Structures are given as structure tokens and as C-alpha cells.
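Accompanying notes for the structure given below.
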Amino acid sequence: MGGGLKTTSVPHTVTFDDIGGQNSAIRELKEALDFIIHDEEVKRLGIRPLKGILLWGPPGTGKTLLAKAAASYTDSAFVASSGSEFIEVYAGVGAQRVRRLFDIARDEAIKQGKKGAVVFIDEIEIVGVKRGRNEGHMEYDQTLNQLLVEMDGINPNDDIKILVIAATNRMDMLDEALLRPGRFDRQVRVDLPDKKGRLDILKIHSKGKPLASDVDLEKIAQDTFGFSGAHLEALMNEAAILAMRDKSSVITQKHLTEAVDKVIMGEKLDRRPTP
Ligand code: ATP
């Protein structure tokens, strides 16, 4: 039991340079991660060790990328799972899977010769839902309790240092127990990108793609108010597909403009007037 947990622990290559439009989130995150890097200083000054960081904001804004980049920045192994993995019909399985996730993280760190591991839990609201909101569902409570036990058990003197990074689109649903000092007491807002952020993301995702000389990415950034990073990545991909269909060797402004419409239609994006 608990062994059916799905995790990803592939060696990661994402760095903060691969993430556009999230300068303030990156700044806050790095500030927190520096506590892990300078752990001797932290111990000497008697600062409470950092155990958990919560990334919160709309879908597709780069929360998973930020967690991967945090693992690169701290030279840690990266093990990811999702809140939905811990909810099972059988009593006790969720709690066992939480334990297993932390064991996998320690094993991965040893295997990869790292001193630490980042445990990433996406959709944390599924396990961290306010107690009482789940109509007394025992399984949810046990799973959440186990997560709290694991986090409380993280010791800065352990050979392998564990940092838990969780992500949610629904901060309002989280149980306060998760947000207490010593748990996810660092909360980093990851918002939709502004125009400059959208331009940065478009530039990142057009790397290695042949763009025609008429391409004006600034205009595309202007026209994509409300798009997330994931939408902008899809837009660049869609534009490349349209170029291929046109048997064009380069991506033109027309392909990009059509791709904007495709993404809007596909996602039924809520688009307010461009500011
Ligand atoms: P969810 O809340 O739905 O889990 P998320 O916030 O974790 O989403 P990611 O999984 O990090 O979002 O992003 C999905 C993909 O979208 C990334 O692999 C990347 O291609 C692109 N992307 C999202 N945000 C950014 C960004 N800020 N910069 C560059 N690419 C981005």
C-alpha cells in the first residue's frame, strides 16, 4: 500500500532564466532559498530553518517551473507529485503515500549525490483543504496530518535537507495548520504576467524557432492580455504549426496573430480590454 504513488524525479535542467515575467516571485523565492544555501549562518544565528514554501496563483503561470528552478538553485534533487495522488478510497493509503514521497525524495538525493531534495506537491489544496470542509472525511485528515508530521520532522541537521514546495490556485481553501510557522510560512504569489512579462515569455519560447523579419513580439505581448505563460507557450507552438501548414520556412506575424485567436478560442479565455 502507498506504493502506487506517481512521482516524477527526472534530473531537472530548469533555471530561473527559463522563467519569464515573474521577477518579484523569483526575487522572493531566491531570498528564501538563500537561507538553505547559507545554512551554517542560519544555524549560527539561531534562525528557524525554512521547511516549506507555498506558490500560489492562477494556473499555468510557472509554479512548477519555479519549483524546478529552486531545486537547481539549491543543487537539490527534485521529486514532484500532486495532491490528487494522496486521495484514495482506502483508509490510510494517502498517509502512506505522503511518507513514501518523502522517502523517495531522500533516496533520489542520495542517488544523485545531492545534499538536499525539493519535494514539490502540486494542487496542495486537495490534501490541505480546511478541516471540516470535507465533511469529516477521515482520509483527508489523516493525509494532511501525515504531511504535517513529515514537515515537523524535517531537521536541518539531517544529512539530506528537505524543502517542501507546494502550489495552489486556491489559497482560500487551505487549512490554517499548513500556513503556520515552520510549515508553509513563506508564501509567494505567482501572478499572470504583465505586458513586459508576456514579452519575456514569448522571447523564451521563441528561442530556437525561425521568426520572420516582420515579427513584432511586442505587438503580440500587447494583444495577449490575460494570457498565462502556458498560454504563451501554446501560442508559439501553434504559430509554428501554422507555419508548417503554410509550407513556410519561417514563422510570420500572421501566424502569430492567428495563433493568438486559436488559443483564445481553445481556452475560452476571459479577456478584458487591453490596459
Ligand atoms: P498549474 O497551476 O496548472 O499546475 P503552473 O503554474 O505550475 O500550472 P507550469 O506547469 O509551471 O505552470 O507551466 C506550464 C508550462 O507553461 C511550462 O512548462 C512552460 O512551458 C510554460 N510557462 C508557464 N509559465 C511560464 C513562465 N513564467 N515563463 C516561461 N514559460 C512558462
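The values are calculated or read from the model by the stated rules, or taken from the named source; none is laboratory data. Everything numeric here is computed off the predicted structure, so don't read it as measured data. Note that we place each Cβ from the backbone using ideal geometry, even for glycine, and neighbour counts take in every protein chain shown.
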Item checked: Boolean, residue 218 is of a type outside the set (A, V, I, L, M, F, W, C), touching a residue at least 24 places away in the same chain (Cβ under 8 Å) and not in a loop (DSSP other than H, G, I, E, B) -> no
Margin query: Being modelled with pLDDT of 95 or more and either surrounded by fewer than 18 Cβ atoms within 10 Å (Cβ to Cβ) or hydrophobic (A, V, I, L, M, F, W, C) (or both) is true for just one of 50, 45, 55. Which residue is that?
Written below: 55
Note to self: Being away from the ligand (no atom under 16 Å from the Cβ), surrounded by fewer than 19 Cβ atoms within 10 Å (Cβ to Cβ) and either touching a residue at least 60 places away in the same chain (Cβ under 8 Å) or not small (Gly, Ala, Ser) (or both) narrows it down to one residue among 92, 113; which is it?
What the structure shows: 92
Item checked: Long-range neighbours under 7 Å by Cβ, at least six apart or interchain, first residue more than 18 Å from residue 266 (Cβ to Cβ) within region 232-252, second in a loop (DSSP other than H, G, I, E, B) and within 14 Å of the ligand (Cβ to nearest atom) -> 251/209
Item checked: Qualifying residue in region 192-215 (condition: under 17 Å from the mean Cα position of the chain (by Cα), part of a loop (DSSP other than H, G, I, E, B) and farther than 30 Å from residue 154 by Cα) -> yes
Checklist line | Wholly enclosed helices (runs of 4 or more DSSP H) of region 1-87 bearing at least 2 residues closer than 22 Å to residue 110 by Cβ and within 16 Å of the ligand (Cβ to nearest atom) | finding: 63-73
Next item on the list: Residue by residue through region 69-93, note down the ones that are closer than 15 Å to residue 122 by Cα and of a type outside the set (A, V, I, L, M, F, W, C).
Entry: 81, 82, 83, 84, 85
Next item on the list: Can you tell me which residue within region 176-191, out of those that are within 13 Å of the ligand (Cβ to nearest atom) and either aliphatic (A, V, I, L, M) or more than 15 Å from residue 229 (Cβ to Cβ) (or both), is nearest to the chain's Cα centre (by Cα)?
Entry: 190
